[in-house]
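Shown next, in structure tokens, is the structure this report addresses.
Each reported figure results from applying straightforward, stated rules to the coordinates on display, with no laboratory input. Because the structure is a prediction, the values reported are computed rather than measured. Every residue, glycine as well, gets a Cβ built from its backbone with ideal geometry; the counts of neighbours run over all protein chains shown.
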Amino acid sequence: MTLSSPDKSGAASLEAIARNGGTLRRIAARIPTYLSDLRENPAWLPMFMLARTMPARRLHWRGAKPVRPARNVGETMFAGVDRDAVVGALRTEGLYSGLMLPAAIHEEIARFAERTPCFGNFDRRLEFLPEKHADAEKHFGRPLLSGHYFERVLDCNAAVAVQRDPLLLDIAAHYLGSQAKLITTRVWWSFPTGGVSDADKNMASLGKYHFDLDDWRMLKFFFYLVPVDNDTGPHVYVRGSHNRRILKHQLTLLVGHSAEEVLGVYGEQSPVTLTGQAGLGFVEDPFGFHMGTVPTRTPRLMMEVGFGVSPPSRRRFHGEPVIR
């Protein structure tokens, strides 16, 4: 038997088959979550179908109600932050970096995360202590790329203080409109590990540019709770990608796209890789393309506080996917 390399057309066909197969698997994995969202809130479906298109988004943004000028902001832990500068950067770039958690706050959240069991790969059946990550992988017989705390984060007073900080809501209200409300609070680990499937990476929003479709209008604040360098899985954001979208990326049901596709539209210089010390915070419009990279050396511990304009899920903790 003689083995030969396929010609270019054959190679392209095989690549297309593999790509389409991966697409179908990603869609299939999300179906239980989609059905649960639809059953709870029928208004989810038009949002999911239309919020990816620029005409529908612009129409919805026209419904943003202005914040009353007399709005008073209470005492904040983020000293020296100019709200108008943050909102201005979000409107033009989709990203603002320069928030900093007080040391006492991010250290308390990190201690909580170190001593509290988390759930691997979003699955509540895969519970382990972060320091036992390697043992947990052996026990469960699978790579554990992430460890989430879900509602357990509300047992951490410092985390609750961050989500309730009045400056975060004030920024969200001036960007999203006065309808802005808290819809997500998360603390989670991303672990270096081997043999990770594309499905696990997609579930953890790692390794591929994507945009979020959790609501018509959203804003997400992120905080590093450990130092993050290029080996710790830094977050990457494509500046300006929240304001425009090619037709192909509006009409597909998938929110994830290759770096080649994304950077071909927005330019090789558009991504910002965010590294920094523990406590570093940044805020982004998550309709812009972004991704978390996979840690290669040390685990990343991160917090997210998200705002939107629609009610959050009542069944699951802040968008927790349905795992079957």
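Structure data summary
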{"quantity": "Amide H partners (placed H, <5 Å) of G94, local residues excluded", "calculated": "G240"}
{"quantity": "Distance between modelled label sites at E107 and D84, nm, 7 Å Cα→Cβ extension", "calculated": "3.6"}
{"quantity": "Modelled FRET efficiency - R0 25 Å, A134 with E261, Cβ distances, 0.05 increments", "calculated": "0.10"}
{"quantity": "Long-range Cα-Cα pairs in region 12-308 (distance over 25 Å), rounded percent", "calculated": "50"}
{"quantity": "Tensor-based shape of region 152-288 (alpha-carbon gyration tensor, a/c under 1.5 rounded, otherwise prolate or oblate)", "calculated": "oblate"}
{"quantity": "Percent RCO, i.e. relative contact order, over region 12-308, from Cα pairs under 8 Å lying at least 6 residues apart", "calculated": "26"}
